[in-house]
Amino acid sequence: MKATVWCAPYKVKVEEVPDPKILNRRDAIVRLTSTCICGSDLHLVDGFVPFMKPGDVIGHEPMGIVEEVGPDVDSSKLKKGDRVIVPFPIGCGECWFCRNQLWSCCDNTNPKPYLGEEMFGQATAGIFGYSHLTGGYAGAQAQYLRVPIADVNCQKMPTDLDDHKLVFLSDILPTGYMAAQHCNIGPEDVVAIWGCGPVGQFTIQSAKLLGARIVVAIDNGRMVPERLEMARRSGAITIDNSSEDVYERLLDISGGIGPDVCIDAVGMEAHGSNALEHVYDKVKTWTFGETERPAVIRQCIECVRKCGTVSIPGVYGGLSDKIPVGALMNKGLTIKTGQTHVHKYVPELLEFIKQGRIDPSFVVTHRVPLSEAPHAYHIFREKLDGCIKVVLDPAA
Amino acid sequence: MTMAYSTREDIQRARFSGEKLQQGPQPRRQPQRQFQNVGEGERWTSLASGAILAALGLVRNDTVGYVMAGIGGALAYRGASGNCPVYSALGINQNQNATPQQRLNRRGVRVTQTFTINKSPAECYRFWRDFKNLPRIMTHLERVTDMGDGRRSHWVVKAPAIVGGTVEWDAEITDDQPDKRIAWRSLEGSDVDNAGAVSFEQSPRGTIARVEMRYVTPAGRIGSWISTLLGENPDRVIREDLRNFKRIMEIGELLTLTGQPQGTCAGHGREYTEKNSYMPPPGVTR
């Protein structure tokens, strides 16, 4: 089959690789019909995530049709021919974390937990195609995907909805939703969201859906005007951080109090709020003084109101420098974060999609054949051709 | 079994084998004379290199030289007396005339691990009590067979032909409390002296399983093979094996990656490079 393979930083290829086989008795093989490139895949391409090996198949946002099931898959839950999305974290459904709906922290599905234990103290769940730190599972930017513990991890989908409405249930829609949902947004609240990429767009929609009074979206109007435009269409007030002072504007919008909730939908490769900060972080990462550029977390902590909440759906992987813990403590902030517990949110979000309250397909700007993946990575990374979200077509 | 304990080793052994410590005043024994804990070959090496170092230091006749002479003197004393204070502080004994139990206590590698398992203590106990199940969780273990009396078992570990194809030992159960605790240890004449214990405790989140294993790497070819097998981090290998116990209990299988698709990066696939192998579409500027 064709698959997108990570070879080195800045080097992604589409190769012919062996088809996946049933390896465990509860595995299933899914023939993919749509599979996406995620913003977090760019962290792999840019070499920000350690524990990648040349030849690793990447990708973690798939949907498709169940082609084959292992002998121990519960046939009342999953059978051949079912249309499914596959959440990016792999759950076991049995450990304490899965039973408490904390799926991305599953105890059992990461086959290489010793890496996570050394990096983070405890290991998190296995994730498809996202480095050996999260298990080293073959990824989903391919024509077929092996899904372990398939009756728990394949989420059945209705057949009357378009792929583009459903495929984002695998990652970015629940990620945007969880980022807003676990902040207890109330009807008085001002919610500020950094980053208007696909996750940011869904966070904006989710904050609206959860009843926020004002949603503010922040991004760079010189580099990605189309993303700010999309945010405006979703009903957000936008701040262009290339020409406006984010802190001043946020204070003004929130009546001098500061936003109740600040959400970092950017992650580890932020471009600082000013040139000096960006150069500082660049130098620190080059000299291994830190592994990422936490400019947005810093700004979130600075801008959020006293006793407010900072939510971090953006991906971080290592160690950061100059996090203002003084402000964090003295202002009495709450931090909410985590890899998304996708399985938990799929049923309610699917219901929203069926009711037409969310139509996630609006973020799609490109659908290209899987064989064009390197080109798609290029335009997505460089923000060329108005690219916001790429869906790869494995069949084309 | 109740015994009087006074040395640190005895207390360690008692903790490990689950024997009850006798409470109350103990007859105070004379402090034992420190036994020889440096191996014979090592003694001669230590004596010779210590003497040379001391001599070189004295010839230098400056501060560095005196430090060298001091270190050399200590090495020479260690070689001559056969007693190394560092070894005794670390509980290491390189002198091989000891029983398996003494070797385990003095210089065994000790690995412990604790898991919370979403099953009852009875289910966990049942799985572990049937030692035939253990090869399912311990990847290097080939088989464990019951020797007929319910207490003794025969363990076989896969090994390369160069050390005879297998490493084997007989073990006996030293403690068996249904649904609570199982302890075992290898008998005299084993290829590898080892012992283990697992205990189960009910908690609101499931069964807390505490596992402790000890082994002594023997000298010679078997020892060097075991060192290769377990790598630089024997703890990790054994811990991963024990973690498999939780996986088998909770999800019934061990997730594998062996056989999944993998690219070669040598094919003819198109490359994405930062230097832009694709031109932006017309009308778009970077």
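Positive-end ranking of A:P360, A:P54, A:I149 along the dipole of the protein assembly as shown, with charges on Cβ about the Cα centre, is headed by A:I149.
Taking a straight line from the alpha carbon of A:K284, these lysines sit under 22 Å away, with near neighbours fewer than eight places off in the same chain left out: A:K322. The amide H of B:K119, built 1.01 Å from its N in the peptide plane, has B:T207 as neighbours under 5 Å, considering only residues 5 or more places off or on other chains. Along region A:173-181 the Karplus relation, 6.51 cos²θ - 1.76 cosθ + 1.60 evaluated at θ = phi - 60°, assigns HN-Hα couplings of 5, x, 5, x, 5, 4, 4, 8, 5 Hz to successive residues, with x for each Gly and Pro.
Placing unit charges on the Cβ atoms only, positive for Lys and Arg and negative for Asp and Glu, gives region A:173-337 a dipole magnitude near 260 debye about its Cα centre.
Each residue of region A:109-119 was assigned a 3J(HN,Hα) from its phi angle through the Karplus expression (A = 6.51, B = -1.76, C = 1.60, θ = phi - 60°), giving 8, 8, x, 10, x, 5, 5, x, 5, 6, 6 Hz with x at Gly and Pro. Loop sites here are GluC sites (Glu not before Pro) outside DSSP states H, G, I, E and B with no more than 15 other Cβ atoms within 10 Å. The longest part of chain A free of them is A:1-187. Principal axis extents of the C-alpha atoms in the protein assembly as shown (largest first, rounded to whole Å): 87, 71, 58. For chain A, DSSP calls about 55 percent of its internal beta bridges antiparallel. Only the Cβ atoms of Lys and Arg (+1) and of Asp and Glu (-1) were treated as charged; on that basis the dipole of chain A about its Cα centre amounts to roughly 360 debye. Taking amide H atoms as placed 1.01 Å from N in the peptide plane, the amide H of A:I149 lies under 5 Å from those of A:R26, A:D27, each 5 or more residues away in sequence or on another chain. Which percent, nearest 5, of DSSP beta bridges in the protein assembly as shown are antiparallel? Expressed as a percentage, antiparallel bridges in the protein assembly as shown total about 70. Pop out the carbon and sulfur fraction of the accessible area of region B:102-251 as a percent, whole number, probe 1.4 Å. Heavy-atom surface of region B:102-251 belonging to carbon and sulfur, 1.4 Å probe: 47 percent.
Simple point charges give the picture: +1 on the Cβ of Lys and Arg, -1 on the Cβ of Asp and Glu, and for region A:251-396 a dipole about the Cα centre of about 320 debye. Computed as a quarter of the hull surface, the mean projected area of the alpha carbon convex hull for region A:173-337 stands at 8.7 nm². Loop-located trypsin sites (Lys or Arg not before Pro) across region A:127-230 with a Cβ neighbour count of 15 or fewer within 10 Å are A:R213, A:R222, with loop assigned by DSSP. Loop-only check: which chymotrypsin sites (Phe, Trp or Tyr not before Pro) in region A:252-298 are DSSP coil with at most 12 other Cβ within 10 angstrom? Here the chymotrypsin sites (Phe, Trp or Tyr not before Pro) that fit, given the DSSP loop and packing criteria, are A:F288.
A simple packing score, the average count of other Cβ atoms within 10 Å per residue, orders the peptides A:123-133, A:41-51, B:127-137 as A:123-133, A:41-51, B:127-137, with the highest score first. Between A:K383 and any residue 5 or more places off or on another chain, the built amide H atoms are never under 5 Å apart.
Which pairs in the list A:K13/A:K112; A:K80/A:K354; A:K156/A:K389; B:K132/B:K246; A:K306/A:K336 are over 21 Å apart, alpha-carbon to alpha-carbon?
Violating the 21 Å Cα-Cα cut-off are A:K13/A:K112; A:K80/A:K354; A:K156/A:K389.
Only protein heavy atoms count here, probed at 1.4 Å, and on that basis chains A and B bury about 4300 Å² of accessible area in total. For region B:102-251, the alpha-carbon radius of gyration amounts to 1.02 times the rule-of-thumb value 2.2 N^0.38 Å expected for a compact globular protein.
Secondary-structure-derived ellipticity at 222 nm for the protein assembly as shown, considering helices only, amounts to -9500 deg cm²/dmol, per-run term -39500 (n - 2.57) for DSSP H runs with n ≥ 4. For region B:179-209, which trypsin sites (Lys or Arg not before Pro) are both in a DSSP coil and crowded by at most 16 other Cβ atoms within 10 Å? Answer by residue number: B:K180, B:R205. The value given for region A:231-288 is a Kirkwood hydrodynamic radius of 13.5 Å, derived from the mean inverse Cα-Cα separation. Taking θ as phi - 60° and the Karplus parameters 6.51, -1.76 and 1.60, the scalar couplings of region A:247-260 work out to 4, 4, 4, 5, 4, 4, 4, 8, x, x, 8, x, x, 5 Hz in sequence order, x denoting glycine and proline.
The values are calculated or read from the model by the stated rules, or taken from the named source; none is laboratory data. Please read all numbers here as calculations on a predicted model, not as lab measurements. Because the Cβ atoms are built from the backbone with ideal geometry, glycine has one as well, and the counts that use them run over all protein chains shown. SASA here: full protein model, heavy atoms, side chains in, ligands and nucleic acids out. Shrake-Rupley method; radii C 1.70, N 1.55, O 1.52, S 1.80 Å.
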